[in-house]
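> I have a structure I would like to understand better, so I am pasting it below and will then ask my questions one at a time.
The values are calculated or read from the model by the stated rules, or taken from the named source; none is laboratory data. Please read these numbers as outputs of a predicted model, since none were measured by experiment. Counting neighbours? That spans all protein chains shown, and the Cβs are built from the backbone with ideal geometry, glycine included. These accessible areas exclude ligands, DNA and RNA; they are computed on the full protein's heavy atoms, side chains included. Shrake-Rupley method; radii C 1.70, N 1.55, O 1.52, S 1.80 Å.
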Number of protein chains: 2
Amino acid sequence: MAPPVKPASADELAKQQRSISVAEFFEKNKHLLGFDSPTRGIVTTVKEAIDNALDACEEAGVLPDIYLGIFRMEGDIFKVVVEDNGPGIVPDNIPYVFGKLLYGSRFHQIRQSRGQQGIGISAAVLYAQLTSGRPTLVISRCGSDRPAYRFRIQIKTETNEPEILEKEETTWDRIHGTRIEIEFKSSLTARKRLVEYLRYTSVVNPHARIRVELDGEAILFDRASDEPIIPPQAILPHPHGVELGELKRIAAGSTEPLELFLVNSFSRVGQKTATEILGLAGLKPNKKASTLSPDDLAKLQVAMQQAKVPPPLGGQCLSPIGEVLIRQGLEKEYEFDFCSARTRPASVYHGHPFIVEAAIGYGGKLESEGTARIMRFANRVPLMYQQGACAITGCISSVNWKTYSISQSGLPTGPVLLLIHVASTNVPFTSESKDAIASIPDIEREVTLALQELGRDLKTFLSRRDKSRQTEERARAICAIIPEIAEKISETIEKPVPDISPIEGQIMKRLVAKKKTENGTVTISLQNYTAHALDLTLYIITSDDLKKAEPEAVFIEEMDPDHSGVWQIRLAAGENWRVTYQGTGNGMIDIRGVDEKKKVVVDLDRS
Amino acid sequence: MAPPVKPASADELAKQQRSISVAEFFEKNKHLLGFDSPTRGIVTTVKEAIDNALDACEEAGVLPDIYLGIFRMEGDIFKVVVEDNGPGIVPDNIPYVFGKLLYGSRFHQIRQSRGQQGIGISAAVLYAQLTSGRPTLVISRCGSDRPAYRFRIQIKTETNEPEILEKEETTWDRIHGTRIEIEFKSSLTARKRLVEYLRYTSVVNPHARIRVELDGEAILFDRASDEPIIPPQAILPHPHGVELGELKRIAAGSTEPLELFLVNSFSRVGQKTATEILGLAGLKPNKKASTLSPDDLAKLQVAMQQAKVPPPLGGQCLSPIGEVLIRQGLEKEYEFDFCSARTRPASVYHGHPFIVEAAIGYGGKLESEGTARIMRFANRVPLMYQQGACAITGCISSVNWKTYSISQSGLPTGPVLLLIHVASTNVPFTSESKDAIASIPDIEREVTLALQELGRDLKTFLSRRDKSRQTEERARAICAIIPEIAEKISETIEKPVPDISPIEGQIMKRLVAKKKTENGTVTISLQNYTAHALDLTLYIITSDDLKKAEPEAVFIEEMDPDHSGVWQIRLAAGENWRVTYQGTGNGMIDIRGVDEKKKVVVDLDRS
């Protein structure tokens, strides 16, 4: 039996009260950082390291050239190596960047970046030392005039401070960049998801080259564009998103009179807006911001919310992917029957600018059954887990897809792919692992609007396709009875059955090729009944002599016993063309440059 | 046009790299703590304050007596006051408990508690100063021999350290306890959810009294039990859940030889298990734990996982609610037709003990249409948000409810309520706001098993109910034709139609009461055809004289012109009873003590 429990007094409880280091907190709650299982740990680690590499290259204006190596060590220990050609990290800061949670360069800046929190890569270091007991190796170099440094680092969990186990100058063949080697307990069960993460990353970062060595297999995700991304610029806070506590802090640090303070400390505030704000607050423009009483500050904050201020300029601090690149990336992969993309105008939630981009793909390599494929991105980073908990998924489910001729059971079903990218200076994730976007009404509205626009596009495509299918079916029906009609009429008027292929071609909107031999003269004629110009290549393989054909072939090859001749012909819509030569009409013809379905070849010599 | 962006060098980036205080981090990511909107802020604040109060009372072995006041101040500022009769907090620690994130007494202990992280209440203080600019007031006293102290506290966001704006000795009518007053921007839109949170809290904490003053309205959630909860005891870590990094730390702090170290530092490890572990690891029992090499430590950790160790004792460190209390709490509220509850045996995930409890209710006050009502709890705290993101909801959806005769569309539908309580020394929440439980296979398995057991219980009830309905319908059909049969037979044998009520009573298993007057003698007879003993009260209201009735009435009241008499009768199953008196048989009779549906009263004088 359990011993009786003695109630605790305040003094006894006081002895147990103490600080918790943020490293201790996340070591215990490692699932919050995406380290809930060894299987997932490898995806999270790769993601954090590659996100950092891409951010660093972008900031330095360098085209990213990233190496990822994943090696199975003894037992269930894996080593992940990530190397980039970024600007490098100065040696004094290396221990903190990798050995301290909540340390980074992007947290205090208002602009789009992949990493925001200064947690991710240190969390991987923490997870490594927890599961494998091994410190992390970092090599970094900041330029040709600087040496490379090599560190072995771990985190003192109790204090969240870095512990440097080794630091030395070293030589390195990269002029600038950073290499990290992390060893931890894991498995390759999530291999498919890992490759998917890399492919998705490559789609939305067409300027990056990622070379991968995955447990013996080499994979290259090459760059599709040689334009480096222009890194988004940091902006000042927007007045509509400033809470009282924050205003208090900014004002306390200012030496300026109120009007200047407003213009210089906030985004989109000019002279006129500043005057309006101060008027609403009943405050004098020349009063020092730092001397405001709590009451005055409260009035100022209310006035800042009420004043008309233009929304933040998303174009400056955000870096959307763009409709063209999204479509290119997707079509390369899926060869859709139809694809449409949208980049919505910049919008704002709680003062944070954001842009929603979305794309829909239909048909092609997509499976025709089952739930739609969903690709979620935040700040150009693929979101690989917790689809069900993500606001994006919620928006997709709540759109009425049946309106757009797509079946639905919660999510849309059928050969449909949806890509959604949310870019923001502060993406509201549901947890530190950055897997899912929290449910923020302003963002949900934009996602829904984008999806509805795409739905309308798809509906237009589907109804056009259905219409053209219908037309074709009707034409097919007519063509099926034409021969009978022709025969009947011939009988009645006692004439031979005419060649009905031109009529068929006309109805079906096709290219009709006809070959006929009369009195030792072979005639091959082409009639373009389609609605478009055609660039055609005609091949004739025969034992007849083609050298004297009219018009002349562009190329003749003499083989024994056959010869082949090649003609290149441009035929406008409705135009026709013919070639004649002397002979028996033996052999065969082939025409390239038009879809098989759009071509009727009639060999009258053989019919 | 945006100015051209200058690529950053490593040196420029280094200037931007700096520490992020945990308060800054959570100020920016306040949605992670449940402060995503002013509406929600009030629920989160109340929840954090009341969780703390309940934890403190439990630790001190005190029956919780909690006061909650919510007052609308000027504008959209609300004041939340929470006062408890806990042990109080010593004055030196007050600033840290309320003015520093990640400070607390329960993080480092392995036992079930509501608060675990030392974040919640300080987060509310942070949110208050951010939105209203106002510091938080705390009054606390630790006993009759101590003065009370009054503090005004806020958090220095940049450093996550408390700032004491006021500290003074004061008088207070509570001998021990703590009072907190927090003012922040909010709204009462979530009033219904707030009351729901309090009601649910009261259901799973039957020992607590919570007095509420909600913007002018008083609500009392009184205690249903006078037994204080025995606070769960802290236990040592279980060998199966220890990661290498953690083992390294524990070993470094030990002065003992290995065998003693294992027995004294881990839960469920005795001499025998220690020997087994050391044998597997190939280590000598008398080697000092602190002198182990990294390799030895790794071997030891592997051996600790492999050795057979009994699971942690959940009974010691966990405090489940219990099947009886869960059923009582629910039935009081919903008056179910059927209710069943289960407390599963203690189990373990990643070395953390946990217990799943669940209950199912059917019918009663539940709405008969729509999705089942789901009540989620973790460590006796109701989970009010993010139902969709919770592993519990996932488990409910993936059970095949149709097997248990319940319709389903994702979640089960119909008049069904499901309650699930997960109690653990470390509940794996999906975020710091503690709204949803992360998807951990071991926990999901236990939840699913509990739900399946309950489903079987419900199915048994439903099929019995259907069967008894069927039986009753059949009986009703027979009773409907009995009079006709009786009449037919009477005609044939030329006798008067007999009284068929006893037959009907027998078939329908009812109490049959018959009144008959013959020759100035009134007879009232009762026949108990039910399967149970009945305690009945017979009322007769008549102008006949009841004083000479046989047997005598227990009570007679004489009114003008009528008298009423009362008899109390215990009738075993199958037994009968009668009373006779002289008179005309006028007036009426009434019988209490048996369900209306189970009673047939035949007044032969009137038929």
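> Do we find a residue being within 14 Å of chain B (Cβ to nearest Cβ) and open to solvent by less than 30 Å² (accessible area, probe 1.4 Å) anywhere in the stretch A:394-403?
yes
> Here are the criteria: (1) outside any strand (DSSP E or B); (2) touching a Phe, Trp or Tyr at 6+ places or on another chain (Cβ under 8 Å); (3) under 22 Å from B:Met73 (Cα atoms). Tell me which single one B:Phe184 does not satisfy.
With (1) outside any strand (DSSP E or B); (2) touching a Phe, Trp or Tyr at 6+ places or on another chain (Cβ under 8 Å); (3) under 22 Å from B:Met73 (Cα atoms) applied to B:Phe184, the lone miss is (1).
> Within the stretch A:10-89, considering only helices (runs of 4 or more DSSP H) that don't extend past its boundaries, which have at least 1 residues that are under 23 Å from A:Ser140 (Cβ atoms) and in contact with a strand residue (DSSP E or B) (Cβ under 6 Å, 6 or more places away or on another chain)?
Hits in the stretch A:10-89: A:22-28, A:38-59.
> Ok, one more. Taking the residues in the stretch B:101-113 that are under 30 Å from B:Ser187 (Cβ atoms) and at the interface with chain A (Cβ under 7 Å from one of its Cβ atoms) as candidates, determine which candidate is surrounded by the most Cβ atoms within 10 Å (Cβ to Cβ).
B:Gly104
> Now for a separate question. If I filter the stretch B:195-204 for residues that are under 25 Å from the mean Cα position of the chain (by Cα), farther than 30 Å from B:Cys142 by Cβ and of a type in the set (Val, Ile, Thr), do I get at least one hit?
yes
> Okay, moving on. Just name the residue that is farthest from the other protein chains (Cβ to nearest Cβ) out of those in the stretch B:215-232 that are closer than 16 Å to B:Val62 by Cα and in contact with a helix residue (DSSP H, G or I) (Cβ under 6 Å, 6 or more places away or on another chain).
Only one residue tops the list, namely B:Ile229.
> Kindly state which strands (runs of 3 or more DSSP E) lie completely within the stretch A:271-366 and contain at least 3 residues that are of a type in the set (A, V, I, L, M, F, W, C).
Here the list reads A:338-343, A:352-362.
> Just to be sure I understand the filter: pairs with C-beta atoms under 6 Å, separated by 6 or more residues or on different chains, first member in the stretch A:282-298 and under 13 Å from A:Ala252 (Cα atoms), second member of a type in the set (Lys, Arg) and outside any loop (DSSP other than H, G, I, E, B). Which pairs pass?
A:Leu297/A:Lys248
> Let me confirm something: among A:Glu557, A:Glu550, which residue is open to solvent by 60 Å² or more (accessible area, probe 1.4 Å) and in contact (Cβ under 8 Å) with a residue 24 or more places away in the chain?
Unique residue meeting the criteria: A:Glu550.
> Go through (1) in contact with a Lys or Arg (Cβ under 9 Å, 6 or more places away or on another chain); (2) at pLDDT below 95; (3) within 14 Å of another protein chain (Cβ to nearest Cβ) one by one and return the number of the condition B:Met384 breaks.
(3)
> Also, quick follow-up: Return the residues of the stretch B:138-164 that are outside any loop (DSSP other than H, G, I, E, B) and open to solvent by less than 10 Å² (accessible area, probe 1.4 Å); say none if nothing qualifies.
Matches in the stretch B:138-164: B:Val138, B:Ser140, B:Ala148, B:Phe151, B:Ile153, B:Ile155.
> I'd like to know if the stretch B:119-129 contains one or more residues that are in contact with a Gly (Cβ under 6 Å, 6 or more places away or on another chain), part of a helix (DSSP H, G or I) and surrounded by fewer than 24 Cβ atoms within 10 Å (Cβ to Cβ).
no
> If you don't mind, another one. For the subset of the stretch A:77-93 comprising residues that are in contact (Cβ under 8 Å) with a residue 12 or more places away in the chain and at the interface with chain B (Cβ under 10 Å from one of its Cβ atoms), which member is nearest to A:Leu198 (Cα to Cα)?
Filtering first and then ranking leaves A:Gly86.
> Would a scan of the stretch B:484-503 turn up a residue that is within 12 Å of B:Val601 (Cβ to Cβ) and either of a type outside the set (S, T, N, Q) or free of Cβ contacts under 8 Å to residues at least 12 places away in the same chain (or both)?
For the stretch B:484-503, residues within 12 Å of B:Val601 (Cβ to Cβ) and either of a type outside the set (S, T, N, Q) or free of Cβ contacts under 8 Å to residues at least 12 places away in the same chain (or both): absent.
> Among all residue pairs at least 6 apart or on different chains, which show Cβ distances below 7 Å where the first residue, located in the stretch B:425-447, is over 18 Å from B:Gln117 (Cβ atoms) and touching a residue at least 60 places away in the same chain (Cβ under 8 Å) and the second is open to solvent by 20 Å² or more (accessible area, probe 1.4 Å) and assigned to a loop (DSSP other than H, G, I, E, B)?
Matching pairs, first to second residue: B:Glu446/B:Arg344.
> Let me ask something else. Could you list, in sequence order, all residues of the stretch A:211-240 that are surrounded by 18 or more Cβ atoms within 10 Å (Cβ to Cβ) and polar (S, T, N, Q)?
Hit for the stretch A:211-240 is A:Gln233, nothing else.
> When the stretch A:34-67 is examined, which residues are found to be touching a Ser or Thr at 6+ places or on another chain (Cβ under 9 Å), within 25 Å of A:Glu227 (Cα to Cα) and within 11 Å of chain B (Cβ to nearest Cβ)?
Within the stretch A:34-67, A:Asp55, A:Ala56, A:Glu58, A:Glu59, A:Ala60 qualify.
> Considering the stretch B:125-151 alone, what residues qualify as being more than 13 Å from every other protein chain (Cβ to nearest Cβ) and either under 21 Å from A:Asp296 (Cα atoms) or among the aromatic types (Phe, Trp, Tyr) (or both)?
Across the stretch B:125-151, the qualifying residue is only B:Phe151.
For every residue, the table says whether it meets (1) at pLDDT below 95; (2) more than 25 Å from B:Ser398 (Cα to Cα); (3) more than 14 Å from chain A (Cβ to nearest Cβ); (4) surrounded by 14 or more Cβ atoms within 10 Å (Cβ to Cβ).
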{"site": "B:Leu418", "(1), (2), (3), (4)": "no, no, yes, yes"}
{"site": "B:Thr430", "(1), (2), (3), (4)": "yes, no, no, yes"}
{"site": "B:Ile440", "(1), (2), (3), (4)": "yes, no, no, yes"}
{"site": "B:Val447", "(1), (2), (3), (4)": "no, no, yes, yes"}
{"site": "B:Glu473", "(1), (2), (3), (4)": "yes, yes, yes, no"}
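> Is it fair to say B:Tyr96 is within 11 Å of chain A (Cβ to nearest Cβ) and at pLDDT 90 or above?
Against the criterion (within 11 Å of chain A (Cβ to nearest Cβ) and at pLDDT 90 or above), B:Tyr96 qualifies.
> Can you pull out every residue in the stretch A:40-74 that is over 18 Å from A:Gly118 (Cα atoms) and either free of Cβ contacts under 8 Å to residues at least 12 places away in the same chain or acidic (Asp, Glu) (or both)?
Those that are over 18 Å from A:Gly118 (Cα atoms) and either free of Cβ contacts under 8 Å to residues at least 12 places away in the same chain or acidic (Asp, Glu) (or both): A:Asp65, A:Glu74.
> Please enumerate the residues belonging to the stretch B:432-481 that are under 30 Å from B:Arg193 (Cβ atoms) and basic (Lys, Arg).
B:Lys434, the sole residue that qualifies.
> Looking only at the stretch B:241-267, which residues are open to solvent by 70 Å² or more (accessible area, probe 1.4 Å) and more than 14 Å from chain A (Cβ to nearest Cβ)?
Result: B:Thr255, B:Leu260, B:Asn264.
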